[in-house]
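The values are calculated or read from the model by the stated rules, or taken from the named source; none is laboratory data. Owing to the predicted nature of the structure, the values given are computational and were not obtained by experimental measurement. Cβ placement follows ideal geometry from the backbone for every residue including glycine, while neighbour counts extend to all protein chains displayed.
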Amino acid sequence: MLSQRSTNHILPIISKDPHMQRQIPSSFAVYSSLLKADLTAQWRNRRASILVILVPVIILMTWKGLVERNGGAFVLSNCITVGLMAIGLMGYSNSVARDRDKGIFQRLRVAPTSAWSIMTSRLTVQLVMIIIMTTTLFIVGYRFDHITTISAGSYAFGFLTAIVGGSVYLSLGQAVVGLIRNPETVNVVTRLVYFVFIMTGMFGELGMLGPEIGHAVKWSPYGTVKRIVSSSLESGAWDQNASIALAATVGYAILFTLLGIKWFKWNTR
Amino acid sequence: MDHHHNNTAVLQVEDLNVYYGAVQAVRNVSFTVQAGEIFGLLGPNGAGKTSTLSAVEGLLRPQSGTIRVAGYSIREESKQARASLGVQLQATSFQPELTVTEIIQLYAGIYGVSLTKQQVDGVLSNINLRDAAAKRFGQLSGGQQQRVSLVIATIHDPELVLLDEPTTGLDPQSRRQLWVRMESMREKGHGILLTTHSMEEAEAVCDRIAIIDHGQIITIDTPQALIDSNRDKPEVIQASRKGKITLEDVFIGLTGSTIRS
């Protein structure tokens, strides 16, 4: 009905057949329109995106000396985990909190869009961010830190585990934005969680916080994600502990997703 | 006042009840909006306007009652009903990073409307925003944002257009221009549900008005009939400030002069 109408002027004259069903665009067409807009908005915010990627890149460059001692997979996996945290906690949750506060989601929801298409589009943009961040770290690791022992297959496996690990932090970001309505508070809390995870995760991994905290970190969202990424990047390193870490990672993602869905409200009132 | 009403109800609300926990926000609200009619829903803060609108928009699930937009149930035929509805919300509600053209293309895609570049230019020329096509939404003035918002609300040629306090914060020129656009929409057969705190606006553009208070509709009629039927009430006379009874006097007389939160 509509696509055939003249839209040469702002308010077209209604000429409806009362027996004609109103045409509803397909879910894929709606998703495509949303994704195009979300990717454009992300591109326009590229400075913020670059900053999100910059932190793990800087850590990777400063940890060059650890490559020989702990191995390239260890260094890369820590940096990828930090990057995944930044994308989920700093990027995704803050953009959702801001757009919710501005009523952008409510405006979309009064159109014939489904909740899943709005959120799937947002998550697809974050998936692109994860791929860009991981690729950047692989390139910097190879060129600057001279991490040359990783095979092409391991790189591909690394992408997959990075995406699985990213789902933990995206769902954690969703849970935070579900629990907290105010965008400024979301910003503060996610920064705090990010900082705590980096500090305890990285220093715990390096054994600087004692054996108890080291053990706790190993099975925390930081530790499990780091382990699956690390094991995937090293040929033959995937063992039973890595499988348990994968199960724990998926478990964390499911838990945070359920909490995020339960707590999330589309408006801030 | 006859404005091409064709006696086709584009919105039917029947026995609507909305609760927030134990608090009842909307009580047995019923009204209809006809095609080619501007219907005003007026009420003090907390009277139940927003809850009623949210239920019509499908954002809030009422405890009981039926809502049909262009004949489609907002609950059972949600997508068809929302596709028949154009909405201009109170708050700025588009991504500030997107340009005006990109926002129009986004919503055209969501509503399944095919627009060529020339058609987008034509739409923008119509609202005097062709020069702002490449501007980001966040860079527009309040009046320009309202015009974009109105274009989006009508881009799919909906049967019902819902305007939630559309002139709040606009200068008199922009407000008058919006009134003309509303009247133009009415002429073209759209039904319009308008909420406003401006009694001058309601009196100027609405064909019929419902006054809602404490969750209940207390009266529905044309602006002039509301004035005529209430002009002798002591509370309306008491609210009058200039000797002549206005719609605002009737509104204050019927809903009281106490400030609502």
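With the condition kept exactly as written, say whether any residue in segment B:199-209 is in a helix (DSSP H, G or I), within 12 Å of another protein chain (Cβ to nearest Cβ) and touching a residue at least 12 places away in the same chain (Cβ under 8 Å).
Restricting attention to segment B:199-209, the residues satisfying the condition of being in a helix (DSSP H, G or I) are B:199-205.
From what's left, within 12 Å of another protein chain (Cβ to nearest Cβ): none.
Checking segment B:199-209: not a single residue is in a helix (DSSP H, G or I), within 12 Å of another protein chain (Cβ to nearest Cβ) and touching a residue at least 12 places away in the same chain (Cβ under 8 Å).
Out of all the residues in segment B:218-241, is one or more assigned to a loop (DSSP other than H, G, I, E, B) and under 18 Å from B:T52 (Cα atoms)? Explain how you work it out, then say what you get.
Of the residues in segment B:218-241, the ones assigned to a loop (DSSP other than H, G, I, E, B) are B:222, B:231-233, B:240-241.
Still in the list and also under 18 Å from B:T52 (Cα atoms): none.
No: zero hits.
Tally the residues that are at the interface with chain A (Cβ under 8 Å from one of its Cβ atoms), crowded, with 20+ Cβ neighbours inside 10 Å and in contact (Cβ under 8 Å) with a residue 12 or more places away in the chain, restricting the search to segment B:90-102.
4
Being of a type in the set (D, E) and free of Cβ contacts under 8 Å to residues at least 40 places away in the same chain is the filter here, so list the residues in segment A:32-74 that pass it.
Our first condition is that a residue be of a type in the set (D, E); within segment A:32-74, this holds for A:38, A:68.
Within segment A:32-74, A:E68 is the sole residue that qualifies.
Of all residues being within 12 Å of chain A (Cβ to nearest Cβ) and closer than 23 Å to A:W43 by Cα in segment B:121-138, which is surrounded by the most Cβ atoms within 10 Å (Cβ to Cβ)? Just the residue, please.
The qualifying residue surrounded by the most Cβ atoms within 10 Å (Cβ to Cβ) is B:F137.
Failed condition for A:Y92, given (1) away from chain B (no Cβ under 14 Å); (2) without any contact (Cβ under 8 Å) to a residue 60 or more places away in the chain; (3) surrounded by 19 or more Cβ atoms within 10 Å (Cβ to Cβ); (4) under 30 Å from A:S26 (Cβ atoms), with all others met?
(2)
Which ones in segment A:101-142 are more than 11 Å from every other protein chain (Cβ to nearest Cβ) and among the charged types (D, E, K, R)?
Of everything in segment A:101-142, just one residue is more than 11 Å from every other protein chain (Cβ to nearest Cβ) and among the charged types (D, E, K, R), namely A:R122.
Being modelled with pLDDT under 85 and touching a strand residue (DSSP E or B) at 6+ places or on another chain (Cβ under 9 Å) is the filter here; which residues of segment B:227-259 pass it?
B:G256
I'd like the full set of residues that are surrounded by 15 or more Cβ atoms within 10 Å (Cβ to Cβ) and either at positive phi or without any contact (Cβ under 8 Å) to a residue 60 or more places away in the chain (or both), limited to segment A:128-159.
Listed by number, the residues that qualify are A:I130, A:T134, A:Y142, A:F159.
Kindly provide the set of residues from segment B:172-226 that are β-branched (V, I, T) and either touching a strand residue (DSSP E or B) at 6+ places or on another chain (Cβ under 8 Å) or crowded, with 19+ Cβ neighbours inside 10 Å (or both), ordered by number.
To start, the set of residues in segment B:172-226 that are β-branched (V, I, T) comprises B:180, B:192, B:195-196, B:205, B:209, B:211-212, B:217-220, B:222.
Matches in segment B:172-226: B:I192, B:T195, B:T196, B:V205, B:I209, B:I211, B:I212, B:I217, B:I218, B:T219, B:I220, B:T222.
Out of contact with any Ser or Thr (no Cβ under 8 Å at 6 or more places or on another chain), in a helix (DSSP H, G or I) and within 17 Å of A:A37 (Cα to Cα) - does that describe any residue in segment A:84-91?
no
What residue, among those in segment B:48-84 that are assigned to a loop (DSSP other than H, G, I, E, B) and in contact with a Phe, Trp or Tyr (Cβ under 9 Å, 6 or more places away or on another chain), is farthest from B:T195 (Cα to Cα)?
From segment B:48-84, those assigned to a loop (DSSP other than H, G, I, E, B) are B:48, B:58-63, B:70-71, B:74-77, B:84; that's our starting set.
Narrowing further to those that are in contact with a Phe, Trp or Tyr (Cβ under 9 Å, 6 or more places away or on another chain): B:59, B:62-63, B:84.
Values: B:L59: 17, B:P62: 20, B:Q63: 23, B:S84: 19 Å.
Filtering first and then ranking leaves B:Q63.
Give just the number: which of (1) surrounded by 20 or more Cβ atoms within 10 Å (Cβ to Cβ); (2) closer than 29 Å to A:I118 by Cα; (3) of a type in the set (A, V, I, L, M, F, W, C) does A:I180 not satisfy?
(1)
Working only within segment B:58-76, note down all residues that are surrounded by fewer than 23 Cβ atoms within 10 Å (Cβ to Cβ), farther than 17 Å from B:N28 by Cα and either in contact with a strand residue (DSSP E or B) (Cβ under 6 Å, 6 or more places away or on another chain) or not charged (D, E, K, R) (or both).
Filtering segment B:58-76 down to residues surrounded by fewer than 23 Cβ atoms within 10 Å (Cβ to Cβ) leaves B:58-61, B:63-68, B:71-73, B:75-76.
Filter again for farther than 17 Å from B:N28 by Cα, leaving B:58-59, B:71-73, B:75-76.
Within segment B:58-76, B:G58, B:L59, B:G71, B:Y72, B:S73 meet the criteria.
Do you know which residues across segment B:187-198 are outside any loop (DSSP other than H, G, I, E, B) and of a type outside the set (G, A, S)?
Our first condition is that a residue be outside any loop (DSSP other than H, G, I, E, B); within segment B:187-198, this holds for B:187, B:191-195.
Across segment B:187-198, the qualifying residues are B:E187, B:I192, B:L193, B:L194, B:T195.
Go through segment B:108-120 and count every residue that is in a helix (DSSP H, G or I) and either surrounded by 24 or more Cβ atoms within 10 Å (Cβ to Cβ) or at the interface with chain A (Cβ under 7 Å from one of its Cβ atoms) (or both). If you could, list the steps in order and put the result at the bottom.
First pass over segment B:108-120, keeping only residues in a helix (DSSP H, G or I): B:108-111, B:117-120.
After this cut, where a residue has to be either surrounded by 24 or more Cβ atoms within 10 Å (Cβ to Cβ) or at the interface with chain A (Cβ under 7 Å from one of its Cβ atoms) (or both) as well, the list is B:109-111, B:119.
Here the count works out to 4.
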